[in-house]
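The values are calculated or read from the model by the stated rules, or taken from the named source; none is laboratory data. Keep in mind that this is a model prediction, so the values were computed, not measured. Heads up, the Cβs are rebuilt from the backbone with ideal geometry, glycines too, and the neighbour counts pull from every protein chain shown. Areas reflect the complete protein model, heavy atoms only, side chains present, ligands, DNA and RNA absent. Shrake-Rupley method; radii C 1.70, N 1.55, O 1.52, S 1.80 Å.
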Amino acid sequence: MLNIVLFGPPGSGKGTQSEKIIEKYGLSHISTGDLLRSEVAAQTELGKQAKEIMDKGELVSDKIVIGMIRNKIEESQDGSGFIFDGFPRTVEQARELRKALTDYDERVSVMISLEVPREELVKRLLKRGKDTGRSDDKLETINNRIDVYNRQTVPVTYYYDKMHKHAGVEGTGSVDKIFERIVEVIGLIKN
Ligand code: AP5
């Protein structure tokens, strides 16, 4: 199986590039942001709690997110692998992902980290906020999401560094150009 962690700050293009990776490699997509937004839309108890946290740009608790991931891995065991988009976001989540995959004799193949300067992230997210009305795409929340990423999520890169699984990819330029860079990285691990 090919199991990819697609990593990067808010607005770095994880969702956009996930779609292209899925099309090419036929992986199952697990996006914790999408899963949480479905809970919010369905107005479940979990969704109500999550919305408040997401609108501030903070992280939802590890326990909730890990539970969701375990369920999804269990549901999609017969595919070619997974793309984890926006997960893990803490070292604790990375450890739990390792355990969950080990239960199925699987492991993370590579962690691809999209690198994009802060000004570009803010520009992309403000534009999306205007175009779609996504509730956390407001300047104050965007800035907090990026700060939370730098504080709580960047340490995950050191976790994968230690396992020699962290590959940085320049996340600026056209969507197709960035995808080419990603395919190059995946080619290296597959061969
Ligand atoms: P989540 O949904 O994961 O959001 P995010 O990480 O903030 O990422 P985005 O979806 O904003 O950006 P992206 O990197 O996917 O980029 P995209 O392709 O969309 O999380 C939302 C919230 O949920 C979190 O803040 C947290 O509260 C909670 N949460 C989620 N996972 C969690 C977890 N594991 N633990 C705890 N809490 C969790 O692109 C962004 C925009 O840029 C788009 O408009 C796109 O069209 C545009 N764009 C993409 N590529 C380019 C390009 N090359 N050039 C120009 N524009 C581009």
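Miscellaneous remarks
- Taken together, Val116, Val122 contain a single residue that is surrounded by 14 or more Cβ atoms within 10 Å (Cβ to Cβ) and either under 17 Å from the mean Cα position of the chain (by Cα) or farther than 18 Å from Gly57 by Cα (or both), which is Val116.
- Tally of residues being open to solvent by 70 Å² or more (accessible area, probe 1.4 Å) and in contact (Cβ under 8 Å) with a residue 24 or more places away in the chain across segment 52-85: 3
- Screening segment 135-164 for residues that are part of a loop (DSSP other than H, G, I, E, B), more than 14 Å from Glu58 (Cβ to Cβ) and open to solvent by less than 50 Å² (accessible area, probe 1.4 Å) and picking the one that is farthest from the ligand (Cβ to nearest atom) gives Val154.
- Taking the numbered list (1) closer than 30 Å to Ser80 by Cβ; (2) more than 17 Å from the chain's Cα centre (by Cα); (3) open to solvent by 40 Å² or more (accessible area, probe 1.4 Å) in turn, Gly187 passes all entries but (3).
- All told, Leu125 falls short of being within 12 Å of the ligand (Cβ to nearest atom) and in contact with a strand residue (DSSP E or B) (Cβ under 8 Å, 6 or more places away or on another chain).
- Test result for Thr132, open to solvent by less than 40 Å² (accessible area, probe 1.4 Å) and either within 10 Å of the ligand (Cβ to nearest atom) or without any contact (Cβ under 8 Å) to a residue 40 or more places away in the chain (or both): no
- Residue count for segment 1-21, restricted to those that are open to solvent by less than 50 Å² (accessible area, probe 1.4 Å), outside any strand (DSSP E or B) and within 11 Å of the ligand (Cβ to nearest atom): 10
- Residue match in segment 22-30 (condition: near the ligand (Cβ under 9 Å from one of its atoms) and either more than 21 Å from Asn144 (Cβ to Cβ) or open to solvent by less than 20 Å² (accessible area, probe 1.4 Å) (or both)): no
- Top-ranked residue in segment 86-100 [being on the phi < 0 side of the Ramachandran plot, open to solvent by less than 30 Å² (accessible area, probe 1.4 Å) and in contact (Cβ under 8 Å) with a residue 40 or more places away in the chain; ranked as nearest to the ligand (Cβ to nearest atom)]: Phe87
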